[in-house]
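Q: Here it is: the structure, laid out below.
The values are calculated or read from the model by the stated rules, or taken from the named source; none is laboratory data. Just so it is clear, the structure is predicted and the values come from calculations on it, not from any experiment. We place every Cβ from the backbone using ideal geometry, glycine too, and count neighbours over all the protein chains shown. With ligands, DNA and RNA removed, areas are computed over all heavy atoms of the protein, side chains included. Shrake-Rupley method; radii C 1.70, N 1.55, O 1.52, S 1.80 Å.
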Amino acid sequence: MQPESREWHLNPETEYRFELDTAASLQIKLLRGHAEIFGAELAEAKSYLFVSECKAAVFTWHGCTIQMSLFPLSPPPFPRSTPLHVTGRPSTEYVSDETPMSTYANLHFAFEQMRVRALRDLHGSPPSDDDHHHANTEPPRVLILGPESSGKTSISKILTNYTVRVAQNWSPLLVNLDPAQVCPPFIPLSRMRLTSPQGAWSIPGTISAAVVRSPIGTASPANPLGSAATSAPTAPRFQCTHPVDLLRLIRNLGINVVERHDVDHQGVHLPFLPRQLDQACIARVSGLIVDTPSSFASGPSSGSSADSRHSLVKACVDAFRINVILVVGHEKLNVEMQRLYGNQLSVVKIPKSGGVVELDHAYRERVHNCQLHAYMYGQTIDPPPGVSSGLVGGEAATELILSPSSTIINFADLAIYRIGPESMAPSSALPIGAARTLSEMQPTLLDPVSSSARLFNKVLALLAPFNEDENERYDEEILDLPAIGFLVITGLDTPNRKMTVLAPNQGPIVGGTAIIGSFEWTE
């Protein structure tokens with residue numbers, strides 16, 4: 001059956017919201033006007049594909065026409081006004097004229113003024129008349145807080161996309177601190193450059209920071225923050241499920257950000273070429289946006305105490321030199337942040353979008369499996385019936401397919417560590433009156449032969465090499481190394497002391513160091 005085509009007209013400052021089922025796909029084509037998805041502008045006459053339970057919204061500032069090609073459905077329950085073309089069968093779809101986009105746009109304009117003042121100060125240019133009213137010349141360093149399903153990641157994407165769309169070559173840093181959310185994508189091993197990381201894929205259970213130089217597309221929950229061809233540098237950290245782990249990883253990632261991104265033009269000591277120095281200056285004043293998990297804002301029902309939450313927020317403020325905190329739709333949290341930080345930085349409460357969807361545990365599990373599969377194999381997009389091709393998040397679908405490599409290595413070729421309580425005996429097993437002498441963050445080298453190792457189907461994080469200049473090495477250094485890729489152990493041959501590992505591409509594994517996490521994955 002051939003899909004039916006129809007046009008929808010969206011009025012100015014309205015948005016078309018849709019949700020897809022598991023096996024559903026959708027095509028949208030902009031016919032006339034201007035429209036965007038989470039701040040990423042749609043090109044006219046181009047087809048955009050959406051798959052795998054994608055939930056998104058097409059917004060227009062001045063009105064537009066989108067075209068949809070779909071199987072016969074009942075007429076939409078809202079008036080038509082801007083043309084939009086959609087193909088497929090969404091499980092939920094409607095148009096809303098109540099959106100917080102004006103608030104988000106005003107935030108963007110305020111942050112843009114901060115970037116301009118910071119760039120002017122960095123170049124030593126005289127201040128403008130407006131600058132006299134704003135003594136602060138720091139670029140925007142934004143921390144977004146809010147409860148679960150409040151739209152924090154969507155707001156991060158919107159603010160990031162608005163920044164890179166400005167004709168200033170801004171390259172903001174997007175930081176994701178939610179271990180339950182897939183991070184800014186991480187490139188396969190053979191394409192990784194440690195000295196100047198470019199682009200990346202990642203998996204659930206990591207935190208990361210990525211420089212973004214082009215708009216982040218939206219097509220599938222498998223790549224919520226873009227795909228490898230459109231995103232930029234990252235320094236992922238692997239497997240942080242305990243608050244103590246997360247605190248340390250936040251501090252380490254913040255140090256990494258300061259060293260690689262926040263370059264001080266007045267005291268540059270690195271051998272930059274003039275063009276590199278100019279790019280470093282632009283990167284510094286572009287600022288950063290930090291997306292956080294709901295545990296930063298949750299109450300006692302989530303199992304996190306107020307002291308724990310405040311410690312996490314303070315770690316972010318200190319590590320990333322935050323000067324703006326955005327609180328999404330949470331009055332009590334806004335009051336707390338005003339009390340704690342109102343005298344030293346700006347705390348702004350912003351509304352939650354009415355289009356935010358509550359996500360259940362089963363959905364998150366499906367998305368995590370989809371993300372792990374997409375990391376290894378890329379993503380194969382099946383267009384709706386009658387549609388030959390289209391763009392996936394702004395890219396051709398063929399660019400998202402990978403050919404993973406399965407390699408057999410010796411047990412001794414890869415040093416595998418486990419971090420956390422699983423690697424130690426329980427406190428009840430200690431002698432009466434004895435105190436634990438090892439930290440709960442102590443890395444423990446695993447013996448693959450041991451039954452307690454439980455390596456089969458486990459996801460490993462391959463770490464960057466140790467510093468070659470150091471004469472002595474300590475196991476604790478592992479906690480400070482970024483992940484450069486991820487592997488899955490798909491086979492164990494214990495008698496011959498060999499194992500089979502799956503990686504998204506061929507790369508250096510022998511002689512490496514890896515950390516085992518709690519994630520398991522089977523094809």
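Q: Could you please give the count of residues in the range 510-523 that are part of a loop (DSSP other than H, G, I, E, B) and loosely packed, with under 14 Cβ neighbours inside 10 Å?
A: 4
Q: Additional query: Go through the range 498-509 and count every residue that is at pLDDT 85 or above and exposed (fewer than 14 other Cβ atoms within 10 Å of the Cβ).
A: Selection size over the range 498-509: 0.
Q: Hey, another quick one. When the range 94-109 is examined, which residues are found to be polar (S, T, N, Q) and touching a Lys or Arg at 6+ places or on another chain (Cβ under 9 Å)? Break it down stepwise before answering.
A: Start the filter on the range 94-109 by keeping residues that are polar (S, T, N, Q), which leaves 96, 99, 102-103, 106.
Hit for the range 94-109 is Ser96, nothing else.
Q: Now for a different question. Examine the range 345-353 for a residue that is among the charged types (D, E, K, R) and open to solvent by less than 60 Å² (accessible area, probe 1.4 Å), and state whether such a residue exists. Break it down into steps so the answer makes sense when it comes.
A: Within the range 345-353, the subset among the charged types (D, E, K, R) is 349, 352.
Still in the list and also open to solvent by less than 60 Å² (accessible area, probe 1.4 Å): none.
No, the range 345-353 contains no residue that is among the charged types (D, E, K, R) and open to solvent by less than 60 Å² (accessible area, probe 1.4 Å).
Q: Another question about this same structure. Among the listed residues Val166, Val175, identify the single one that is at pLDDT 75 or above, exposed (fewer than 15 other Cβ atoms within 10 Å of the Cβ) and of a type in the set (A, V, I, L, M, F, W, C). It would help to see each step written out before you state the result.
A: On the way: Val175 fails: exposed (fewer than 15 other Cβ atoms within 10 Å of the Cβ).
On inspection, the qualifying residue turns out to be Val166.
Q: A follow-up question, please. Restricting to the range 483-497, name every residue that is open to solvent by 20 Å² or more (accessible area, probe 1.4 Å) and not charged (D, E, K, R).
A: Those that are open to solvent by 20 Å² or more (accessible area, probe 1.4 Å) and not charged (D, E, K, R): Ile484, Thr490, Leu492, Thr494, Pro495, Asn496.
Q: I've got another one for you. If you take the residues of the range 54-63 that are assigned to a strand (DSSP E or B) and over 13 Å from His9 (Cα atoms), which of them is most open to solvent (accessible area, probe 1.4 Å)?
A: Start the filter on the range 54-63 by keeping residues that are assigned to a strand (DSSP E or B), which leaves 55-60.
After this cut, where a residue has to be over 13 Å from His9 (Cα atoms) as well, the list is 55-57.
Numbers: Lys55: 59, Ala56: 9, Ala57: 13 Å².
Here the residue is Lys55.
Q: Looking at (1) within 30 Å of Ala362 (Cα to Cα); (2) touching a Lys or Arg at 6+ places or on another chain (Cβ under 6 Å), can you tell me which one Ser52 breaks?
A: It is condition (2) that Ser52 fails.
Q: Report whether or not Glu336 is closer than 12 Å to Leu145 by Cα and in a helix (DSSP H, G or I).
A: Details: closer than 12 Å to Leu145 by Cα: yes; in a helix (DSSP H, G or I): yes.
Against the criterion (closer than 12 Å to Leu145 by Cα and in a helix (DSSP H, G or I)), Glu336 qualifies.
Q: Sticking with this structure for a sec: Quick check on Lys352: is it modelled with pLDDT under 95 and in a helix (DSSP H, G or I)?
A: No.
Q: Give the range 355-378 a look and list any residue that's touching a residue at least 12 places away in the same chain (Cβ under 8 Å), in a helix (DSSP H, G or I), open to solvent by 30 Å² or more (accessible area, probe 1.4 Å) and out of contact with any strand residue (DSSP E or B) (no Cβ under 9 Å at 6 or more places or on another chain), or say none.
A: Matches in the range 355-378: Arg364, Arg366, Asn369, Cys370, His373.
Q: Turning to a different aspect of this structure: Sort out which residues of the range 12-53 are in contact (Cβ under 8 Å) with a residue 24 or more places away in the chain, in a loop (DSSP other than H, G, I, E, B) and open to solvent by 70 Å² or more (accessible area, probe 1.4 Å), and write them in order of number.
A: If the condition is that a residue be in contact (Cβ under 8 Å) with a residue 24 or more places away in the chain, in a loop (DSSP other than H, G, I, E, B) and open to solvent by 70 Å² or more (accessible area, probe 1.4 Å), then Pro12, Glu13, Asp21, Thr22, His34, Lys46 are the ones that fit.
Q: Considering only the range 109-116, I want to know if a residue exists there that is modelled with pLDDT of 90 or more, out of contact with any Cys (no Cβ under 6 Å at 6 or more places or on another chain) and part of a strand (DSSP E or B). Full working, then the answer.
A: Here is the first cut: in the range 109-116, the ones modelled with pLDDT of 90 or more are 109-116.
The next check asks that each one be out of contact with any Cys (no Cβ under 6 Å at 6 or more places or on another chain); those that pass are 109-116.
Add one more test, that the residue is part of a strand (DSSP E or B), and what stays is none.
Taking every residue of the range 109-116 in turn, none turns out to be modelled with pLDDT of 90 or more, out of contact with any Cys (no Cβ under 6 Å at 6 or more places or on another chain) and part of a strand (DSSP E or B).
Q: Something else about it: When you go through Leu312, Leu326, Leu345 one by one, which is the residue that is touching a residue at least 24 places away in the same chain (Cβ under 8 Å), over 23 Å from Met114 (Cα atoms) and among the hydrophobic types (A, V, I, L, M, F, W, C)?
A: Leu312
Q: Suppose we keep only residues that are among the small types (Gly, Ala, Ser) and assigned to a loop (DSSP other than H, G, I, E, B) within the range 133-163. Which one would you say is surrounded by the most Cβ atoms within 10 Å (Cβ to Cβ)?
A: Looking at the filtered set, the residue picked out is Gly146.
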